[in-house]
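The values are calculated or read from the model by the stated rules, or taken from the named source; none is laboratory data. Remember, it's a predicted structure, so these values are computed and weren't measured experimentally. Because the Cβ atoms are built from the backbone with ideal geometry, glycine has one as well, and the counts that use them run over all protein chains shown.
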């Protein structure tokens, strides 16, 4: 069995099949072309450099495909990196992509069960009807798509995994604070990021779509809610208005992409819960890269802070 990326060690030379999940081009000071690659299997990813790349080889290399690599593992700025010595194309029809993509640690059946449990706890029939209609619109994609292209929950099933984590936090807060309207909070949690299914291109090696770049998932979801509200003859209901507010304000600040700031208790909580779950996932991902007693690399999404992995 081929060695997985998570088991690579400095100084090793390895021949193995890996997926190219990212590719950018560069030029050295002397004018030689090279490629910055991110290579991965289902265990982990690793940055790689392909120096002095020839034009005919560069034409063959594509993001989202698996190739056979001969690589040398080196350490650069305290991180492991792969120096590509050789790369060969493979017949993609023979590739089992499950061996090369990151997946949710939670099964799809368990994710669906958790989401359905959340819906079942919504007592207001108008709210429940809107939420169910939105989920039916996106169907199975909800359980396939990542929650982000890079920062947090960026794996197959990441969107639903993020949502179920938020539901657990939301339900716990409802037990502590009776003033919270559980129907609105649970509904907001379930629908707030569904626009990402249209903002992002695909579950694997995802990029931002043209619609995603120009409109963003918040406005995409707001438009979808209004469309579904009209189909249900609920376009003038307070329930739809509050759900739209939850979506529009869930990033919390104008500078973070929210057209409006939270002005309902459940909207404020949705923003906080979203941040809690996303930040924990981001920090855990960074901590997984280091040993106990070490600091992580700077985490760009968290103000370039480093985090200590205590013993």
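Structure above, values below:
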item	result
So residue 286, is it in contact with a strand residue (DSSP E or B) (Cβ under 6 Å, 6 or more places away or on another chain) and part of a helix (DSSP H, G or I)	yes
Any chance residue 128 is farther than 30 Å from residue 66 by Cβ and without any contact (Cβ under 8 Å) to a residue 60 or more places away in the chain	yes
Condition met for residue 268 (assigned to a helix (DSSP H, G or I) and closer than 17 Å to residue 134 by Cβ)	no
Given (1) in contact (Cβ under 8 Å) with a residue 12 or more places away in the chain; (2) out of contact with any helix residue (DSSP H, G or I) (no Cβ under 7 Å at 6 or more places or on another chain), number of the condition residue 42 does not satisfy	(2)
Subset of region 256-271 that is out of contact with any helix residue (DSSP H, G or I) (no Cβ under 8 Å at 6 or more places or on another chain) and surrounded by 14 or more Cβ atoms within 10 Å (Cβ to Cβ) - its residue that is nearest to residue 215 (Cα to Cα)	268
Some residue of region 119-140 being crowded, with 22+ Cβ neighbours inside 10 Å and under 28 Å from residue 302 (Cβ atoms)	no
Subset of region 256-265 (residues that are within 15 Å of residue 182 (Cα to Cα) and part of a loop (DSSP other than H, G, I, E, B))	264
Any chance residue 221 is in the same structural domain as residue 156 (by TED's automatic domain parsing), assigned to a helix (DSSP H, G or I), free of Cβ contacts under 8 Å to residues at least 12 places away in the same chain and under 20 Å from residue 188 (Cβ atoms)	no
From the options 48, 147, residue that is touching a helix residue (DSSP H, G or I) at 6+ places or on another chain (Cβ under 6 Å) and surrounded by 14 or more Cβ atoms within 10 Å (Cβ to Cβ)	147
Residue that is touching a strand residue (DSSP E or B) at 6+ places or on another chain (Cβ under 9 Å), assigned to a helix (DSSP H, G or I) and in the same structural domain as residue 137 (by TED's automatic domain parsing), where the choices are 212, 188, 170	212
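Residue-wise test of (1) under 30 Å from residue 46 (Cα atoms); (2) in the same structural domain as residue 217 (by TED's automatic domain parsing); (3) part of a helix (DSSP H, G or I); (4) modelled with pLDDT under 95.
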| residue | (1), (2), (3), (4) |
| --- | --- |
| 129 | no, yes, yes, no |
| 133 | no, yes, yes, no |
| 138 | no, yes, yes, yes |
| 148 | yes, yes, no, yes |
| 162 | yes, yes, yes, yes |
| 174 | no, yes, yes, no |
| 178 | no, yes, no, no |
| 183 | no, yes, yes, no |
| 194 | yes, yes, no, no |
